[in-house]
Structure formats: C-alpha cells, structure tokens
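Report on the following structure.
The values are calculated or read from the model by the stated rules, or taken from the named source; none is laboratory data. Everything numeric in this text was worked out from a predicted model, so none of it was measured. Cβ sites come from the backbone with ideal geometry, for glycine too, and all protein chains shown count toward neighbours.
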Number of protein chains: 2
Amino acid sequence: MQLAPPSGTPDNVQDLPVRQYLEHLFERHSTNYSGQLASYIPELAAVDPDRFAIAFATTDGFVYAVGDVDAEFTIQSVSKAVIYALALEDHGPEEVLRKIGVEPSGDAFNSITFDDKNNRPFNPMVNAGAIAASALIRGTSHEERFERIIEFFQRFTGRKLALDDGVYRSESLTGNRNRAIAYLELNSGMIGGNVEEHLDLYFRQCSLLVTARDLALIGATLANGGVNPVTRKRAMSAANVRAVLSVMNTCGMYDYAGGWQFNIGLPAKSGVGGGITAVLPGQLGIGTFSPRLDAVGNSARGVAVCEDISRRFNLHLFEDRGSGLVPFRRMYRGDEVRSKRVRRQDQVKKLDRYGHLISIYELQGEFGFVEAERVTRRLIDDKATAYSFIVDLTRVLRMDAVATDLLNTARQTLQKAGKSFAIVSHSATLPETFGQDLHFPSIDRALEFYEERLLEQAGAELAVQKVPLEEFDIFQGLESRLLLELSRRMKPRRFSPGETLIVQNSRADELFFLTEGRVDVAVRTGNGPSHRVSTVEPGTIFGELAIFGAGPRTADVLGASDGTVMVLDRDALDDLDRHAPDVKAALVLAVGASLAERLRRANAEIRALSR
Amino acid sequence: MQLAPPSGTPDNVQDLPVRQYLEHLFERHSTNYSGQLASYIPELAAVDPDRFAIAFATTDGFVYAVGDVDAEFTIQSVSKAVIYALALEDHGPEEVLRKIGVEPSGDAFNSITFDDKNNRPFNPMVNAGAIAASALIRGTSHEERFERIIEFFQRFTGRKLALDDGVYRSESLTGNRNRAIAYLELNSGMIGGNVEEHLDLYFRQCSLLVTARDLALIGATLANGGVNPVTRKRAMSAANVRAVLSVMNTCGMYDYAGGWQFNIGLPAKSGVGGGITAVLPGQLGIGTFSPRLDAVGNSARGVAVCEDISRRFNLHLFEDRGSGLVPFRRMYRGDEVRSKRVRRQDQVKKLDRYGHLISIYELQGEFGFVEAERVTRRLIDDKATAYSFIVDLTRVLRMDAVATDLLNTARQTLQKAGKSFAIVSHSATLPETFGQDLHFPSIDRALEFYEERLLEQAGAELAVQKVPLEEFDIFQGLESRLLLELSRRMKPRRFSPGETLIVQNSRADELFFLTEGRVDVAVRTGNGPSHRVSTVEPGTIFGELAIFGAGPRTADVLGASDGTVMVLDRDALDDLDRHAPDVKAALVLAVGASLAERLRRANAEIRALSR
C-alpha cells in the first residue's frame, strides 16, 4: 500500500493528460496578441512580445512546463509577495502589520497615498508597501541584505537566480516616483535607515530573472505550506504563508482583484515583466509568462490562460469540491473482526456475544479541525453502546494541534464516563500528547487486550493456563481408548517465553498439543522481521502440517509464556500408522475439522476486510 | 464500513469537545462591551445590546449553538449575499455581471458612487449593488416577487422567516439615501421598472428576522455547494455559490475586507443588525449575533469571536492543511492478491510468475482535478510495467467532469499503447462516460477476467474443462489401487449453470470431486443476497466438511457452467470406514493437506488486505 503520492517523472511525460491539455492551451492562446509591452524603461519595451510559457508545479513535486520554458524575464512585482514573506520571516506578522497594512487601497500600484490613520502603506502589494518591506530586511551591510534576499528567492525557485543588469540600472535611474514614495515614508517615520539602500534592494529584487517554471515553484512552495516541493526544503514558515496568500488574494492583481477573485479565484501576483504566479493552496502553483500587458497592467495572455485553466479544471477556491472528507477508513466492532489469538470455544462464544462492546476506528488522511470534529462526534455517539475504543492512527499522515486537542478532549470525556481508550500508532508518528493513553503497535494487539478484559468481565475462564488433553476442543466426542492411545505416544516438552518450537521452512515432522501457556505464530517474509499472525491458547493444536505431510513449515512458533506442549513426533505418527490406524484416522479427522473451521473464519475475515 | 460521515445528534451534546469550546468562547466574549448599537433608526437603537449567540453548522448537517440561540434580529446586509444569489439564479452570472460589478470600491457601503466606466454599481455588497440585485428579481407582481425572495431565504434557513414590521417601516420611511441611489441607477439605465417596488423589496429583505443558527445555516448551505445540509434540499446551483462566495470574500466586510481576510480568512457578510455569516467552503457555516457594532459597522463581538474561532481551529482559508489527498486506498499487483477462483497448480504457478502484469488501483474519496491528476500520473508511470489496469471506483464518493475527463484521457493513452483498462463500480455511481470500458461489479471479477487472459497468453491449459480423477492435484502420489477403491464408490452427477449442488446450512453428507466445468461457492449472510466467495476449477474438490463431520454447510455451491461432479456420499464414506479404512485415511490426509494449503493462502491474503 502507498498512501503517499507518487513522485518522479514518468518516462512518457507526453502521455500525461494534463500535459496534453497545457499544450493545447498553449496553442490556442499563442494567437492572442492583445495588450502592450511595458514601456516605462527601454529594456522592457525591447522584449520579444511573443514569448509565452505555462508551468504547473504540484505539491508532490511534479512540474509540467510548456512553451518557452527556459525564457527568462524580470520578476518585477511578483517579487512583492516574496519580499513581504521575508519581512514576515525577519520580524513576525504583528511587527510587520504595524509597518504595512493589509487593506486593498483602491488606488494604482504606484500611488503615492498612504493609510494616514495608521501611518503605513495600505498593503505590501503596492510599491509603497514593497519598499517598506524592503526596508525591513535584516542584514549588517547592504550587500549582506541583498544576499539574504536573493538566497531567500532561491529557496522558492530551487535554482540560482541572476540579475538583469540593464533593467536594474534603468529602474534605478528612472525610478524617481519610487524615490519620492520612499522619502515620504521616511518623512512620516514609516521607514528608517538608509533610504537609497532600501530603494536599491527594491530595484534589484524587481530585476531578478526568472522563468515560468520558477514562478510555478514560487506558487507551489506557497501552496505547500512554505516547503519547496522539489527540493523538499522549507523556504518559509507555514504561519507566514497564510499572511502572504491573504494579501495576494485581496491585493495581488492590481485593480482586477475582484474580477480575478470572481473569474479565477486563486491568490496570485503579477508583474509588468509579464509573469503571473497563482496558488491553489495545498495543491498547485501556476506560473505563466507572456509580456504583453492589459490596461490594468497584468499579462493579457496570462490572465486569459489562468481563466481557462481555472475554468477547465475547476480550480477556483470556491469551486464546490464537496467536503473532501474521508477521515474514516473503516469502522467495525469486536464481534466482526477478532484479534489473531486462537481461542477455545467457550471464549469464542463469549466474544461472539460481547465483542460489539469494543469499537474500532481506522482513521486516515490529514487531520485538522473538520476531520477531528466529525470523529469526535462519532466517538461521543458511540458512548452509549461501546465500552472500549480503539483509534488507529497508523494511516493518519498528519494531525495538527487542533485535531489532537479535540480528540484528547473527547477521550477524556469518554474516560470520565468509565470507558477505555486505546491509540494504535507507530510511535514515531504519534503526537506526544497521546503518550499517556493505552498505546499499541497494531489494532490486533489492542483488540487482544480488550478481548481479554471483556472475557475477564464476562467470567470466561481466562485464568486457565492449563488444559488437559481430554478437554481439548478437537477431542470432544472421541472415545477415551483412542485418546489414551494417542496420549501415551506423546512426549511432553517445556518451553520458555521466546523459545523456538517451530522454525519456518524446516521439515514438518512434529504435531503439537498445547496444554499449558501460550505460543506465538509468526511469519517471516523475505529478509524482513517476523510478524505475529496469531497467538495460540492452551487447549489447541499447532503444526498440523506434520500429519498432512504437506511441505516445509510456513511459520515460526515461539513461546509466548512459560508452558508445556505434548508432542507427537514422526516416529509416533509412523507407529500409529502401523499399529493403530483407527487412532490415526480419528486424529486426522479431528485436525481436518479444525482446519475447515479456521478456513471458514479466515474467509469471513477476508470478506470483512475487503468491504 | 461507513465512508459517509455520521449524522444525527448524539444524546450527549454537551460531551462534544467543539460544543465545550464554544461555551467557553461564549463566556469569554460575554464581557466584551465595546462598540455601539446602530442608531439610524429607533428600532435598532432599542435592541438589547447584550444579546449574544454563536452557531456552527457542518456540511453533514450538525448544528452547534450556544448563547441566545433563539434571539431574533434583523438580517440587514447579510441579506445582500442572498439576494445576489437569487439574482444569479434568475439571470445567470454573465447577465448579472453586466448589471452589477465585482470590484471592491474602497468606498462606504452606502456610497453614492458607481463604476462609471461600466455603468453599474461596483459590487453587490454595497447598497447600490443590492438595490440593483433586488431590481433583477423575477415575478409577475410585487407580492409574488417578495414571496419568491422570502421562499428563497427560507431554503437556506430551513424554517419560516417573519418580517420585523417596525424595522421595515422605519427603514422605508427614512431610507432616502437609498431612494436617491435607486433613482440615480434608474437615471443611468442601470435598473429599470418600478423603483419604489425594488426599494420596497430591498427594505423588506433587510428586515427579515433571523437567529444565529439561521446565519450558520446560510453559511453552511453556501459551504455545501448550495445544498442545505439539514433539509438536504438544494437552495441554489453550485455554480452560482462560487460567485456569491467570491464577492463575499472581497467585499463582504465593509472596509475591513483586507483585515478580515488576513486575520480570519473566511468569506463572510455582516449586517448592522449585529449578525455575521462566515463560510469555510466544503465544511462549515458560522453564524454570530451581537448587536454592538465597531467603527466600520461590523458586530464587534462577532469579529472578535470569529477571529478566535479561526485562530483556535485553524480555519483560515489559507491555513496550511497539507494536500488533504488520499486518492489511493490501496494499490497492488495481481501476484499479491488473487481472484477468488480456486485454480489448479499449473495455473497458480503461472500467476505467481506473471500476475504482476495486472495492476490494481483502489481509489477513494472525492475526485476533482488534483486527485485525478495524481492518479493519471501513476497510471502513466505504470505503462511500462503493467499490461492490465483495474481501477476500482467503488469507494469514490464523487467524481466531477474534470476528473472523469482526465482519467478517460489517460485510459485512451493506455489503450492506444495496447493496454487493457477495466473499471470496477456499482453501475449507479459510474459516470456515463466510462460505460464503454470493460466494467466489472467487483475487483474480484475484473481480476479473474485478466487472470484468464494472462493464463491464455502464458500458454496455461485454460481450455481443459475436464480433468480425470487421477490427474487431481490432491491424488498425486496416491497408489492407483486406493484411487480405484475411491472412484468405484463415486457417483457421477451432471449439473447446469445456476443449478444448486450444496445448500448453505444443510447437512454435510456428500464430498464432491469436480471433473468437468466450474462451480461457484457463494455465502449468504442474514437475509441478504449470496456473495460469490470463490469459483472452483475442474481438478479440485469441494464440500470437505462431509468427511470431517463438522456441522452444517457454510456456503451454497452452484454450477457456473455445464459440468460433472463425482460424488462420494454418506453411504460411500461409511462403506469406506468399514471396508477400506486405509483408503479413507489416505483421502482424509489428502483433503487435509489441501485445506492446510488453502488456510495458508487465506492468512497471507488477510495480511495483504490488512496492510
């Protein structure tokens, strides 16, 4: 089983349906020549206007890219999202919020107006806000600050980024409006320090050269809670991602914020270099590049392509996707599925009757509030009908603090009502807070524990650690003469916990009658460790292959306690064949009947597990 | 197994952790007295300022409500979201977009400015937009139009709503600014028809009396793609929900849009009556009521409570929730899990060797673009190593057109490469477009189909429909004298497809040797239909209980084709006991060995299924 999504590039990339669609989309939009190149500096006006690329990056690290995927262009205002992220990383959201607002201004991106009430730029997606963010970047020298910035950008792109020197110089030479904004901010005390250095950082970051793939990876890193899905390294904290996406969502697309939200519905940021980064949280980053801009200043093809993508693939944030909830993998009671303990008939009957008091919940997936809320509701619902609760977290990929807390609260409520609560988990994935609970490595072990408790309460003879041969289930109805013939050919053997009684793959030449103590049956596959498949109770037999002569041993058998087995070895069996064939026949019949019953139960369990 | 979330109210509502938290939250915020009552009409100024309620409604129809849950208040501007929804339902989004924009205006809610370029109100969340939306509501008379409005609101609340007459009259009497807005709209051609009637509808809808629970249900209906989760009736189309949430998200919270997005991050709408509706798409509607308003006009406690809720439960839209993807329930190959066909040794060995060419994918959950994208990637990845693809959709709760299309495209690509593709599904849930594929009701049937095909290609003797007794696996190594003794006591019996050979729960007194044709073993549980658990090939035995004398039959056995069984009945078995005990012993041994082998395989399958 593989719950983690597959990764790596298939050999036949061109066979992927999404890739085929993106190629189709590329063809269709290639003939859209609407819009104009940015012309406020000569370098942008000189760009090849027909360059065009589309890239998708998924949060499991797969990248689709079509068109001019290696074409580089200046990142321009897309950098505003990233520099804001770095300011948040450097100072935390409270401090940054004091310096830069989060309200859409309704004004142009290069507006010289401010949120006068709070003495700060309206938001980080206008120039005034991005300059203020640049001013917040830490570092002991100008160069170190820029090194920190470029290193931060590279965490998102996963590759080295270069500066377009021509664009940088032009921006710097002609950026007098930005200079005016910065000095007004200095004048009002919104920023401090060396204004020319802050501006230089701002101009440089806008002049970084990126590809559509880079923009898709910036988006995918934000979609992935701040972890670059290709390098698998954390670029920024998850908590700050939320803030960045929020301002992208309300302020990222210039004066098209409402229309973008309405038609495309993904947090996004565009730049006058022709790039757009869009984010489907949790899932996808999209990068597009086409340098012709529409009247608002967004890439004309980029907006059209994103609109097509969002519509075609139903990616709008508010698209009805249903609840997406599959928090329960399976739920069942202890009368439907049993532990792997092979029990005597009196115990089996008790469990048939009372097993429903054990309630098992196999959970799966990623757990936050909504998943945990549903599970707690179910647990509390079962308070009236179950005594023991087994919650299997083995397939829970992630559980946040909220979910842990809700489940813990429900657990405490159940415990106060006298219920018992067991967690099943590989300890590595277990949230620390569950450590105080009953904790088992498998559902089987938890089930066995509660079965024992149930049997104890139901007055089953649990204490019986010793069963004489004549009380064995399989010998019921057998003439005492036959049993005597059998038993006088058996040899008793004592065993200790962990002592090997049967070695897997060895020759099957002994049949065992467990009269005292317990043994574990464990299977080894390949070179792996052995897995317990059942525990055998006194009063039952094991090693049946010996009398059926059917190949080598299929499992190890080890002592689970101190105990005694009565052994019928090869010589004894041969002796029976020769001198008491009727005894042998009766034995074979009895063992065969027990095998038939066990096969019937195994098939029933296969059906239950396949539901 | 239960994949659908549980519904219904537990007996112990107070035990629910979320309920406990909401009570705690209620206590804490009860002492927050900040803000002022709306005072533009006397009725609002006369409201009890301390009223306070919080409600949660989940998309599976569970409602948490604490505080003054029955306190009614006027819905006011929360109605703007609902009337916009009805305008969309009446005219479709394109037509409505021509009449009402979707851009945040940056101006006050009662602003008298318009989007002059497009000759329309900026958005439906300002008065100008809501009046324009009211003007769009269809109906042949004024009263019918209002009836349609109130009926539409009631689909969301699931209960009858009354009008606060006092508020309605006051709003109507004093609403001269709204009157001015409406006449300006008429003057510019933004609206047509009877302005006073449109205004009257507007004033009335604002005066509808609701509770916090109603607001939570409005939110939950939007969260649930337009279906009221309590009544389970569709209130509006899923496509239009997207539009409503989009404008709520950008324009719903007056001049706190950016801060709300930043701090709370849920599409929401507030009203001066003190109500707020917030939506976590797919999961939850939140309704709060507290009439004191902050400087912007939002309920002061409501905003504070929503901030606490969003933070405490990580509900922000852009909270890092991981991908949430669990599209694969299990994946395995045909050498790991077998069909329920009981095969002869030569076939078993072939399947051990070639079974990995059959690749099985058990999918689960709700499928849209992201889930389907990952699955197509996996399918194409396996193109190089698998010949037959079995895709089980049984546990797919929903599959949208995008996912269907992506999977279909991948399927076609695989088919063009000579691969075979089978869908497993209960036909009712199967998207129509998959109808042309190989289609099976269970993985087992699909697996059996591909096993047969594989065996055919691997040159296994599939055509053998007849196996003489001496070639039976279980008789290999048996002396021919013993076999002769056995066979002369057997009686041949012909059977036809569907003919019953063994009836479940009847007495086990015949042992069957299948020499020609196939039989199905099927189990009935309770009063349900019987389920095939295996198909038996010629050359194998069934009905082993007869010789082990272990209780009634555990399954039905029916002919799966025309065929012949050789029958050893009770008389024959008794005769063997008396006159040829060595033959009986050899038979019992052979059958026991076969049972042991089958039990070993069953246990291995249980381990595979429990992974």
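Here A:P497 clears all of (1) within 16 Å of A:A555 (Cβ to Cβ); (2) touching a strand residue (DSSP E or B) at 6+ places or on another chain (Cβ under 6 Å); (3) not acidic (D, E) except the condition numbered (1).
Condition check: at the interface with chain B (Cβ under 7 Å from one of its Cβ atoms), of a type in the set (F, W, Y) and out of contact with any Ser or Thr (no Cβ under 7 Å at 6 or more places or on another chain). Does A:F262 satisfy that?
Working: at the interface with chain B (Cβ under 7 Å from one of its Cβ atoms): yes; of a type in the set (F, W, Y): yes; out of contact with any Ser or Thr (no Cβ under 7 Å at 6 or more places or on another chain): no.
No.
Counting only strands (runs of 3 or more DSSP E) that fall entirely inside the range A:534-604 and contain at least 3 residues that are more than 7 Å from chain B (Cβ to nearest Cβ) and over 24 Å from B:R601 (Cα atoms), the qualifying elements are A:563-569.
Filter the range B:150-168 for residues that are β-branched (V, I, T) and touching a Lys or Arg at 6+ places or on another chain (Cβ under 9 Å); which is nearest to B:V227 (Cα to Cα)?
The first filter runs over the range B:150-168 and keeps only residues β-branched (V, I, T), leaving B:150, B:157, B:167.
Subset that is touching a Lys or Arg at 6+ places or on another chain (Cβ under 9 Å): B:150, B:157.
Working: B:I150: 17, B:T157: 11 Å.
Per the criteria, the residue is B:T157.
When we screen A:A108, A:A128, A:A133 for residues that are more than 35 Å from the chain's Cα centre (by Cα) and part of a helix (DSSP H, G or I), the only hit is A:A128.
Only one of the listed residues (B:S134, B:S111, B:S79) is within 18 Å of B:L199 (Cα to Cα), at pLDDT 95 or above and either in contact with a Phe, Trp or Tyr (Cβ under 6 Å, 6 or more places away or on another chain) or within 12 Å of chain A (Cβ to nearest Cβ) (or both). That residue is B:S134.
Does A:T74 satisfy being under 29 Å from the mean Cα position of the chain (by Cα) and crowded, with 23+ Cβ neighbours inside 10 Å? Working first, answer last.
Details: under 29 Å from the mean Cα position of the chain (by Cα): no; crowded, with 23+ Cβ neighbours inside 10 Å: yes.
So A:T74 fails the test.
Scanning the range B:229-246 for residues that are more than 7 Å from chain A (Cβ to nearest Cβ) and closer than 17 Å to B:A278 by Cβ yields a count of 2.
The set of residues from the range B:371-400 being free of Cβ contacts under 8 Å to residues at least 12 places away in the same chain and either of a type in the set (G, A, S) or more than 8 Å from chain A (Cβ to nearest Cβ) (or both) comprises just one member, B:A384. Just one of the numbered conditions (1) in contact with a Lys or Arg (Cβ under 9 Å, 6 or more places away or on another chain); (2) under 22 Å from A:G67 (Cα atoms) is not true of A:L293: (1). Looking across B:A300, B:A304, one residue alone is surrounded by fewer than 24 Cβ atoms within 10 Å (Cβ to Cβ), under 18 Å from B:E27 (Cβ atoms) and touching a Leu at 6+ places or on another chain (Cβ under 7 Å). It is B:A300. Within the range A:312-370, the set of residues being touching a residue at least 40 places away in the same chain (Cβ under 8 Å), more than 19 Å from A:E605 (Cβ to Cβ), within 10 Å of chain B (Cβ to nearest Cβ) and of a type in the set (A, V, I, L, M) comprises A:L315, A:L317, A:L325, A:V370. For beta carbons closer than 6 Å, sequence separation of 6+ or different chains, a first residue in the range A:175-197 that is among the hydrophobic types (A, V, I, L, M, F, W, C) and a second that is surrounded by 12 or more Cβ atoms within 10 Å (Cβ to Cβ) and outside any helix (DSSP H, G or I), the qualifying pairs are A:I181/A:I112; A:M190/A:R120. A:A295 falls short on exactly one of the conditions (1) surrounded by 22 or more Cβ atoms within 10 Å (Cβ to Cβ); (2) within 23 Å of A:L37 (Cα to Cα); (3) small (G, A, S); (4) within 11 Å of chain B (Cβ to nearest Cβ), and that condition is (1).
Being within 11 Å of chain B (Cβ to nearest Cβ), in a helix (DSSP H, G or I) and either in contact with a Pro (Cβ under 8 Å, 6 or more places away or on another chain) or not β-branched (V, I, T) (or both) is the filter here, so list the residues in the range A:10-23 that pass it.
Initial filter on the range A:10-23 (within 11 Å of chain B (Cβ to nearest Cβ)): A:10-21.
Imposing the further condition that a residue be in a helix (DSSP H, G or I) reduces the set to A:13-15, A:17-21.
Scanning the range A:10-23 gives A:Q14, A:D15, A:P17, A:R19, A:Q20, A:Y21.
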